[in-house]
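Let me begin by presenting the structure, written as structure tokens, before commenting on it.
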Ligand SMILES: Nc1ncnc2c1ncn2[C@@H]1O[C@H](COP(=O)(O)OP(=O)(O)OP(=O)(O)O)[C@@H](O)[C@H]1O
């Protein structure tokens with residue numbers, strides 16, 4: 001029996017608002033995935049014929065049970081994982097055709113926020129944020145607070161202000177709470193001046209209150225800058241509140257693709273049955 005028809009009738013054709021149709025003609029596309037397939041060891045298929053078009057400025061929430069392929073999809077889009085089949089066009093470039101240098105330059109235009117913030121803990125908050133500019137500026141020391149050019153330091157301070165942590169610039173990164181660390185990671189990503197953002201369970205390691213605050217801040221920053229966002233989440237309410245659109249994966253296939261406003265939590269929860 002096809003996966004999408006198991007317990008619920010959530011085939012792509014059955015969704016309330018097919019977003020492909022809802023996208024206004026002429027809207028620029030930031031990400032387009034067509035027929036993407038990926039298998040890992042022993043031929044186990046993790047992504048099955050995934051197709052998705054994300055217009056500029058849209059926030060897409062990617063939901064699905066553990067192991068349904070959400071992270072794999074994001075990683076394939078940047079070729080951090082090599083897809084087996086399918087086409088990926090990211091910011092106008094055919095990702096699978098890019099050579100190493102071109103791929104590196106494309107990755108620099110995409111901010112990626114992970115569940116784990118991966119700050120350099122023995123460095124200051126400001127140095128960590130400066131790190132985000134590394135892809136734009138040659139030279140190994142650009143991210144050392146004392147060696148970086150003044151304009152970069154000012155920009156990093158502005159990024160810290162945007163996440164409400166300007167007063168923490170001189171503090172060592174290992175003296176921050178989990179929520180503060182994730183804010184610094186977001187500031188570092190802003191320093192990259194990304195054109196598009198991926199976020200893989202950005203608040204999964206935070207307590208509910210900190211998670212809520214960070215997600216609200218993140219979503220607000222993304223919207224104010226008009227950035228496109230694709231984020232994964234296990235919080236159904238976050239998907240509905242912070243996504244313009246919800247895409248649900250089940251066993252590697254898209255089973256819901258709908259405007260968030262046309263969905264309710266109960267419909268989404270069915271994919272976890
Ligand atoms: N590099 C890899 N090698 C082998 N198997 C992998 C690899 N990466 C992911 N997988 C497998 O692919 C499947 C999908 O993993 P993925 O991390 O994409 O799921 P997910 O939907 O993001 O899950 P979660 O919600 O738990 O983060 C899992 O079964 C996982 O074990």
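The values are calculated or read from the model by the stated rules, or taken from the named source; none is laboratory data. Because the structure is a prediction, the values reported are computed rather than measured. Cβ: placed from backbone, ideal geometry, glycine included. Neighbour counts: every protein chain shown.
Worth pointing out:
- Strands (runs of 3 or more DSSP E) contained in segment 37-123 and holding at least 2 residues more than 10 Å from the ligand (Cβ to nearest atom) and out of contact with any strand residue (DSSP E or B) (no Cβ under 7 Å at 6 or more places or on another chain): none
- Residue in segment 130-140 that is within 18 Å of the chain's Cα centre (by Cα) and modelled with pLDDT under 95 present: yes
- Test: residue 34 is within 16 Å of the ligand (Cβ to nearest atom), assigned to a strand (DSSP E or B), at pLDDT 75 or above and within 26 Å of residue 259 (Cβ to Cβ): no
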